[in-house]
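Down below is the structure, laid out as structure tokens.
The values are calculated or read from the model by the stated rules, or taken from the named source; none is laboratory data. Predicted, not measured: the structure shown is a model, and the values here were computed from it. All Cβ positions, even for glycine, are placed from backbone atoms using ideal geometry, and neighbour counts span all protein chains on display. Accessible surface areas use protein heavy atoms only, side chains included; no ligands, DNA or RNA. Shrake-Rupley method; radii C 1.70, N 1.55, O 1.52, S 1.80 Å.
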Amino acid sequence: MSLTVEQTKARNQELIKEVLEVYPEKTAKRRAKHLGVYEEEKPDCTVKSNIKSIPGVMTIRGCAYAGSKGVVWGPIKDMIHISHGPVGCGQYSWAARRNYYIGTTGIDSFVTMQFTSDFQEKDIVFGGDKKLEKIMDEIEDLFPLNKGITVQSECPIGLIGDDIEAVSKKKSKEFGGKTIVPVRCEGFRGVSQSLGHHIANDAVRDFVFDKSEDKHPEFVSTPYDVAIIGDYNIGGDAWASRILLEEMGLRVIAQWSGDGSIAELENTPKAKLNVLHCYRSMNYISRHMEEKYGIPWVEYNFFGPSKIEASLREIASHFDDKIKEGAEKVIAKYKALMQGVIDKYKPRLEGKTVMLFVGGLRPRHVIGAYEDLGMNVVGTGYEFGHNDDYQRTTHYVKDGTLIYDDVTGYEFEKFVEKVQPDLVGSGIKEKYVFQKMGVPFRQMHSWDYSGPYHGYDGFAIFARDMDMAINNPVWGLTKTPWKK
Amino acid sequence: MSQNTSNVLDHFNLFREPEYTELFENKRKNFEFAHPDQKIAEIRDWTKTWEYREKNFGREALTVNPAKACQPLGAVFAAIGFESTMPFVHGSQGCVAYYRSHFSRHFKEPTSCVSSSMTEDAAVFGGLNNMIDGLANTYAMYKPKMIAVSTTCMAEVIGDDLNGFISTAREKGSVPADFDVPYAHTPAFVGSHVTGYDNALKGIVSHFWEGKERTPNEKINFIGGFDGYTVGNLREIKRIFALMGVDATILADNSDVLDTPADGEFRMYDGGTTLEDAKLALNAKATISMQQYCTEKTLAYIAGTGQETVALNHPVGVAATDKFLMEVSRVTGKAIPTELEKERGRLVDAIADSSAHIHGKKFALYGDPDLMLGLAAFLMELGAEPTHILSTNGGKEWEEQVKALLASSPFGKDCHVYAGKDLWHMRSLLFTEPVDFLIGNTYGKYLERDTGTPLIRIGFPIFDRHHKHRYPVWGYQGSMNALVTILDKIFDEMDKNTNIPSKTDYSFDIIR
């Protein structure tokens, strides 16, 4: 029983009204602004975003520390990132994000380690700057091949008045100009992970770009140098993207920040073009490089063959015919593989509906990949999106799509219960809620421990995974047969 | 192009294909400005030395790969053990996202918990409004029977007054006047998750008991403590109590909410200690805690009400389970039934069958303080030799207690105890004084990879193996599970080390 667009819109409006009824009046008013139904031709999704979460509602959001340490800085593999404050933040985020890298962990790479100042009461009372200095000394002593240090501030740092900037500056000087980056990403700052991304971007600007002379004068540029910005190499995503850029004749001089190194960050101002995947988390540094170094940037989308094809051409349009031909060759090379994937999986997935709630770029970026498989995204929302994300989303969603910003646990559960999608794509906190309800689910942050999902190689995996989620025989077993 | 539709390659195999290995090499060579391989090898070898170990143990400020979490995690774990209770963590919201993820990764279950979402303005003005709005919203949306409040370090640093805030919220009508809102201050910069469990449980118990008259009865209370095996363990304990005819209240019983069925319905709440039982638990004649270090303050409070308290240390094995059952029997006056005697005999039988493979093997182990005491005793019972026992959240008192335990058995004589140390210390220990097996949580896999010491996963969190939390490690039957877990690894290693044709054909035995 498929609804017409008008019926869907009416149903969705009714649904929004219904979920708002549970809230106290003041909260209902505030939440109403975050829920909407997309109307074709509108410039945005008619929802407000990037606003404080309401206490007690069970927001899915995280914090600025998660945005800086967990997303932007954490994957830089040859630096040591100190979770500065009590033990928990670093513990819960320890190696949880699947930022793949290659290196000798503990010797020249440190991504899957948890370095913490493990604050005790005396550090809160007397301040932690002395301890931080000592920590840096001990890092230099025990991990001599580290190429830099970042200080990822947890909540107490900003509250007790510690001067991590002064400590970092002093130690950098002492260690012969080593890159030491103080990051003011205390968890209470801002309204979500998002401010943490921004603060982390600014820290790259201030402490990697501005503080260093050209550290690699021997580096020889070519006209085809690009940097991948905003790919965290979850399950190897950045690698499955890099391979395509290289195949079309470009030279990828840096990965930000999955499998990235400090040298790559330092050399990025030498790029001819920055290609930006996760706009939300790294548009700031891309804009900065445009202003300061005159490097243009272009957003791309490597989910699903339709978007990949368009993106390859878009990227190539910034270069000469050699690259443009290269892009066509790459598209042609993978055509048969993509057709094979679609032939295999589309018949099993055609017409299936999906509801998403994710972070960063994915609430819009993955829609094309689902559509390549004949699936429809009927609801989507951002954990920490801004208005410019929702504007961009209009290019992806269909008329009548249910939109929910910073969705609460209650709303998401009710929406899914009523809309009854064939698949929900969200995070670990949501996964088991919906599986209990008998709704197929894929984690769309960690790729549910699969991946990569980016690039042509990734699309085959994406298609396989969506099929195995939806067509899992277990969903036929949830109802007890002897109960009516 | 290696990708194909008939056998889709994902990260396990895709990146081993030549187009990717070449990509990795080029990236490293041309763009990473990495240290020379020889330098890396040199430093790697140096980190294996005694010299490095001494430097490493000389650390005074830096913690690397700790085996502990922070207080509020334990508070949430305790809170969800009560009937229809929503944990409410006052402070920054990111913390709650972390606790929920952490538990869901271990239990593969939803974890419901809310935050008061304090931000910069709350840091300046305090979080009173967050508490008022937060309690009102949680109460309206999730219809809990109780909201258990704990704190993040942010709220603790700015000194929010929970008692005053909750009273004000009540007055403002956030929750009904008689609605239960127990609370506990759980600063992340004091103790660890086991401390948070203790504080939260004490907060809940004292909320119900404070100012109430105690009328002693014949029941007992039972507290499991922070436990990654809570689902299996608490069910096993209930089975044992049923066999003994013991009338017990399990306090903080989260075994159902962390194991709900997939039958089409999401249960935000399931099972748990009823609020009525929690109130009446004041009248019990005694409270037994399975984990002393998870319940120090709680037991002291309970003892203050006139109850007898018994503190154990995560009992695993024959003697420890004997002691547990005899304590239950002594306190309740109920006999230990023959059914349990048979289970005991079966465990002894199993140990007799298998201990030849464990006897004399050296073990390193790390984890929460009580778990270490329980496992060390069990290993010595099996004739194994604990060699390094490490607990990041263990203190001086714990260290002394472990030493006393080790001194009680000849199998403990070569063991050293490391309180307050982390897994980077453990790495040095494993390189300089190697052992046969390592026991620890999922993070031990990095130690296994670095040092080659086979990891036996017992502890919390276990993220990379499924369903282990469903199997108890308490009671004779639970101890049997622990035994089998250890044995499986030992046998797997034997096979792995003897499977090269025409080189190690011998010892690759079909019967062991």
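Residues in the range A:307-340 that are hydrophobic (A, V, I, L, M, F, W, C), without any contact (Cβ under 8 Å) to a residue 24 or more places away in the chain and open to solvent by 20 Å² or more (accessible area, probe 1.4 Å): A:Ala310, A:Ala332, A:Ala336.
Considering the range A:218-233 alone, what residues qualify as being surrounded by fewer than 24 Cβ atoms within 10 Å (Cβ to Cβ) and either within 10 Å of chain B (Cβ to nearest Cβ) or without any contact (Cβ under 8 Å) to a residue 60 or more places away in the chain (or both)? If the condition is that a residue be surrounded by fewer than 24 Cβ atoms within 10 Å (Cβ to Cβ) and either within 10 Å of chain B (Cβ to nearest Cβ) or without any contact (Cβ under 8 Å) to a residue 60 or more places away in the chain (or both), then A:Glu218, A:Phe219, A:Val220, A:Ser221, A:Thr222, A:Asp225 are the ones that fit.
Just checking, does the range A:50-57 include any residue being more than 9 Å from chain B (Cβ to nearest Cβ), touching a residue at least 12 places away in the same chain (Cβ under 8 Å) and assigned to a loop (DSSP other than H, G, I, E, B)? For the range A:50-57, residues more than 9 Å from chain B (Cβ to nearest Cβ), touching a residue at least 12 places away in the same chain (Cβ under 8 Å) and assigned to a loop (DSSP other than H, G, I, E, B): present.
Residues checked against (1) among the hydroxyl-bearing types (Ser, Thr, Tyr); (2) over 30 Å from B:Arg100 (Cβ atoms); (3) within 14 Å of chain B (Cβ to nearest Cβ); (4) open to solvent by 10 Å² or more (accessible area, probe 1.4 Å):
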{"residue": "A:Ile342", "(1), (2), (3), (4)": "no, yes, yes, yes"}
{"residue": "A:Glu350", "(1), (2), (3), (4)": "no, yes, no, yes"}
{"residue": "A:His395", "(1), (2), (3), (4)": "no, yes, no, yes"}
{"residue": "A:Lys398", "(1), (2), (3), (4)": "no, yes, no, yes"}
{"residue": "A:Tyr410", "(1), (2), (3), (4)": "yes, no, yes, yes"}
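Here A:Gly90 meets the list (1) closer than 24 Å to B:His106 by Cα; (2) more than 7 Å from chain B (Cβ to nearest Cβ); (3) not in a helix (DSSP H, G or I) almost entirely, failing just condition (3). Within the range A:75-94, none of the residues are closer than 28 Å to A:Tyr279 by Cβ, open to solvent by 10 Å² or more (accessible area, probe 1.4 Å) and modelled with pLDDT under 95.
Against the numbered list (1) closer than 22 Å to B:Ala286 by Cβ; (2) open to solvent by 10 Å² or more (accessible area, probe 1.4 Å); (3) in a helix (DSSP H, G or I), B:Tyr197 comes up short only at (2). Output the helices (runs of 4 or more DSSP H) that fall wholly within the range B:37-101 and possess 2 or more residues being of a type in the set (Gly, Ala, Ser), or say none. In the range B:37-101, the matching helices (runs of 4 or more DSSP H) lie at B:71-79. When residues in the range A:278-294 are screened for being under 23 Å from the mean Cα position of the chain (by Cα) and either open to solvent by 10 Å² or more (accessible area, probe 1.4 Å) or not small (Gly, Ala, Ser) (or both), 11 of them pass. Just for the range B:110-130: of the residues that are of a type in the set (A, V, I, L, M, F, W, C) and in a helix (DSSP H, G or I), which one is surrounded by the most Cβ atoms within 10 Å (Cβ to Cβ)? Once the filter is applied, the top-ranked residue is B:Ala122.
The residue of the range B:282-303 that is farthest from the chain's Cα centre (by Cα), among those that are among the small types (Gly, Ala, Ser) and crowded, with 24+ Cβ neighbours inside 10 Å, is B:Ala284. Within the range A:460-474, if we keep just the residues that are more than 9 Å from chain B (Cβ to nearest Cβ) and not small (Gly, Ala, Ser), the residue that is farthest from the chain's Cα centre (by Cα) turns out to be A:Pro473.
The set of residues in the range A:439-484 that are closer than 23 Å to A:Val341 by Cβ and aliphatic (A, V, I, L, M) comprises A:Met444, A:Ala460, A:Ile461, A:Ala463, A:Met466, A:Met468, A:Ala469, A:Ile470. When the criteria are applied in full, B:Ala75 meets the requirement of being at pLDDT 95 or above and in contact with a strand residue (DSSP E or B) (Cβ under 6 Å, 6 or more places away or on another chain).
Suppose the filter is part of a helix (DSSP H, G or I), touching a Lys or Arg at 6+ places or on another chain (Cβ under 9 Å) and modelled with pLDDT of 95 or more; does B:Gln477 pass it?
Details: part of a helix (DSSP H, G or I): yes; touching a Lys or Arg at 6+ places or on another chain (Cβ under 9 Å): yes; modelled with pLDDT of 95 or more: yes.
Here the answer is yes, as B:Gln477 does meet what is asked.
The residue that is surrounded by the fewest Cβ atoms within 10 Å (Cβ to Cβ), among those in the range B:74-109 that are of a type outside the set (S, T, N, Q) and touching a Lys or Arg at 6+ places or on another chain (Cβ under 7 Å), is B:Glu83. Checked against the criterion of being closer than 16 Å to A:Asp320 by Cα, in a helix (DSSP H, G or I) and either acidic (Asp, Glu) or open to solvent by less than 10 Å² (accessible area, probe 1.4 Å) (or both), the candidates A:Leu265, A:Leu245 yield just one match: A:Leu245. Selection of strands (runs of 3 or more DSSP E) fully inside the range B:225-315 by the criterion of at least 3 residues being closer than 28 Å to B:Lys342 by Cβ returns B:248-251, B:286-289.
Could we say that A:Tyr65 is buried (at least 24 other Cβ atoms within 10 Å of the Cβ), within 10 Å of chain B (Cβ to nearest Cβ) and out of contact with any strand residue (DSSP E or B) (no Cβ under 9 Å at 6 or more places or on another chain) here? Spelling it out, it is not the case that A:Tyr65 is buried (at least 24 other Cβ atoms within 10 Å of the Cβ), within 10 Å of chain B (Cβ to nearest Cβ) and out of contact with any strand residue (DSSP E or B) (no Cβ under 9 Å at 6 or more places or on another chain). Remark: pairs (first residue in the range B:185-198, facing chain A (nearest Cβ under 7 Å); second residue among the aliphatic types (A, V, I, L, M) and open to solvent by 10 Å² or more (accessible area, probe 1.4 Å); Cβ separation under 8 Å; 6+ apart in sequence or on different chains) = B:Phe189/A:Ile124.
It is to be established whether one or more residues within the range B:57-69 are closer than 30 Å to B:Phe165 by Cβ and in contact with a helix residue (DSSP H, G or I) (Cβ under 8 Å, 6 or more places away or on another chain). For the range B:57-69, residues closer than 30 Å to B:Phe165 by Cβ and in contact with a helix residue (DSSP H, G or I) (Cβ under 8 Å, 6 or more places away or on another chain): present. Kindly indicate whether any position in the range B:131-149 is of a type in the set (Asp, Glu), in a helix (DSSP H, G or I) and either surrounded by fewer than 24 Cβ atoms within 10 Å (Cβ to Cβ) or within 14 Å of chain A (Cβ to nearest Cβ) (or both). Scanning the range B:131-149 turns up at least one residue that is of a type in the set (Asp, Glu), in a helix (DSSP H, G or I) and either surrounded by fewer than 24 Cβ atoms within 10 Å (Cβ to Cβ) or within 14 Å of chain A (Cβ to nearest Cβ) (or both). Given the criteria more than 7 Å from every other protein chain (Cβ to nearest Cβ), under 30 Å from A:Tyr456 (Cα atoms) and assigned to a helix (DSSP H, G or I), does B:Asn7 qualify? It is false that B:Asn7 is more than 7 Å from every other protein chain (Cβ to nearest Cβ), under 30 Å from A:Tyr456 (Cα atoms) and assigned to a helix (DSSP H, G or I).
Note on the range A:257-298: residues that are within 20 Å of A:Leu312 (Cα to Cα) and within 14 Å of chain B (Cβ to nearest Cβ) amount to 1. Of the residues that make up the range A:120-139, is at least one in a loop (DSSP other than H, G, I, E, B), more than 7 Å from chain B (Cβ to nearest Cβ) and surrounded by fewer than 20 Cβ atoms within 10 Å (Cβ to Cβ)? So far as the range A:120-139 goes, yes, one or more of its residues are in a loop (DSSP other than H, G, I, E, B), more than 7 Å from chain B (Cβ to nearest Cβ) and surrounded by fewer than 20 Cβ atoms within 10 Å (Cβ to Cβ).
Residue by residue, here is whether (1) more than 7 Å from chain A (Cβ to nearest Cβ); (2) free of Cβ contacts under 8 Å to residues at least 24 places away in the same chain; (3) closer than 17 Å to A:Leu244 by Cα; (4) exposed (fewer than 14 other Cβ atoms within 10 Å of the Cβ) holds:
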site	(1), (2), (3), (4)
B:Pro36	yes, yes, no, yes
B:Ile40	no, yes, no, no
B:Arg44	no, yes, no, no
B:Arg53	yes, no, no, no
B:Asn65	no, no, no, no
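Can you name every residue in the range A:101-116 that is in contact with a Gly (Cβ under 6 Å, 6 or more places away or on another chain) and within 7 Å of another protein chain (Cβ to nearest Cβ)? The answer is A:Gln114, A:Thr116.
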